[in-house]
1. Could you pull out the residue among ALA115, ALA130 that is touching a His at 6+ places or on another chain (Cβ under 9 Å), open to solvent by less than 60 Å² (accessible area, probe 1.4 Å) and modelled with pLDDT of 95 or more?
2. Only one residue in ALA115, ALA122, ALA82, ALA139 is out of contact with any strand residue (DSSP E or B) (no Cβ under 6 Å at 6 or more places or on another chain), closer than 23 Å to GLY46 by Cα and among the aliphatic types (A, V, I, L, M). Which one?
3. Does any residue of the stretch 85-95 turn out to be open to solvent by 50 Å² or more (accessible area, probe 1.4 Å) and within 21 Å of PRO148 (Cα to Cα)?
4. Restricting attention to the stretch 21-36, and to residues there that are more than 18 Å from the chain's Cα centre (by Cα) and among the β-branched types (Val, Ile, Thr), which single residue is farthest from VAL111 (Cα to Cα)?
5. State whether the residues of the stretch 149-167 include one that is of a type in the set (A, V, I, L, M, F, W, C), assigned to a helix (DSSP H, G or I) and closer than 30 Å to GLU85 by Cβ.
6. Tally up the residues in the stretch 66-93 that are assigned to a strand (DSSP E or B) and of a type in the set (Val, Ile, Thr), please.
7. Restricting attention to the stretch 161-191, which residues are open to solvent by 60 Å² or more (accessible area, probe 1.4 Å) and in contact with a Phe, Trp or Tyr (Cβ under 7 Å, 6 or more places away or on another chain)?
Amino acid sequence: MSVRHKVGAMTDQATDVDPDIPGKPTSASRTTLSHIMTHNDTNLLGTVHGGVIMKLVDDAAGAVAGRHSGGPAVTASMDEMAFLEPVRVGDLVHVKAQVNWTGRTSMEVGVRVLAERWNESAPPTQVGSAYLVFAAVDADGRPRQVPPVLPETDRDRRRYQEAQIRRTHRLARRRAIRELREKRAAEGFED
């Protein structure tokens, strides 16, 4: 089984965590990645390419997942990447990430993307957000357990509850697609 198949099979597993693994507070792995946007980051419209922002999001989320899990963690999925405002050359982009929820071997990382002009003192504007699921892996690419996340604030607890809803929807969507494909295969349709 390839690492990709292992990761797909292990994400969003039941939350039967090892009680001997101590939990970590949300603040223990929270991080901010900042980057100034240059002409190298632009798309054909002259604004920053969405893929550049997505890479920053994945980088920040990966750092948070690795910190929380205490080792390697790989991106399993990206949910709900929303671009709210365009980012321009000269913007200082701040990507803020934290673990919202943990399962046995996977964790959801929430990310907010903010931008401000590099030479102005106006407050940053939220320009994007995303939710990513990371799977903790060992040196051989096999799943390994992660510490439970311990929400510290009311906002952290809300994010934890919302992450559980997104997990339920991911699992239901995956199950519905699998059932549809099995039904179509039984009816003789090829994909």
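1. Numbers: ALA130 fails: touching a His at 6+ places or on another chain (Cβ under 9 Å).
None of the other options fit; the residue is ALA115.
2. Working: ALA115 fails: out of contact with any strand residue (DSSP E or B) (no Cβ under 6 Å at 6 or more places or on another chain); ALA82 fails: out of contact with any strand residue (DSSP E or B) (no Cβ under 6 Å at 6 or more places or on another chain); ALA139 fails: closer than 23 Å to GLY46 by Cα.
Within the list ALA115, ALA122, ALA82, ALA139, the selection yields ALA122.
3. No: the stretch 85-95 contains no residue that is open to solvent by 50 Å² or more (accessible area, probe 1.4 Å) and within 21 Å of PRO148 (Cα to Cα).
4. Selected residue: ILE21.
5. Pass one, the stretch 149-167, residues of a type in the set (A, V, I, L, M, F, W, C): 149-150, 163, 165.
Next cut, assigned to a helix (DSSP H, G or I) only: 163, 165.
When the remaining residues are screened for being closer than 30 Å to GLU85 by Cβ, the result is 163, 165.
Checking the stretch 149-167: at least one residue is of a type in the set (A, V, I, L, M, F, W, C), assigned to a helix (DSSP H, G or I) and closer than 30 Å to GLU85 by Cβ.
6. Narrowing the stretch 66-93 to residues assigned to a strand (DSSP E or B): 73-83, 91-93.
Within this subset, residues satisfying the condition of being of a type in the set (Val, Ile, Thr) are 74-75, 93.
Adding up the residues that qualify gives 3.
7. Scanning the stretch 161-191 gives a single hit, GLN164.
The values are calculated or read from the model by the stated rules, or taken from the named source; none is laboratory data. These numbers come from a predicted model, not from an experiment. For neighbour counting, all protein chains shown are included, and Cβ atoms are generated from backbone atoms with ideal geometry for every residue, glycine included. Heads up: the accessible areas ignore ligands, DNA and RNA and are worked out on the full protein's heavy atoms, side chains in. Shrake-Rupley method; radii C 1.70, N 1.55, O 1.52, S 1.80 Å.
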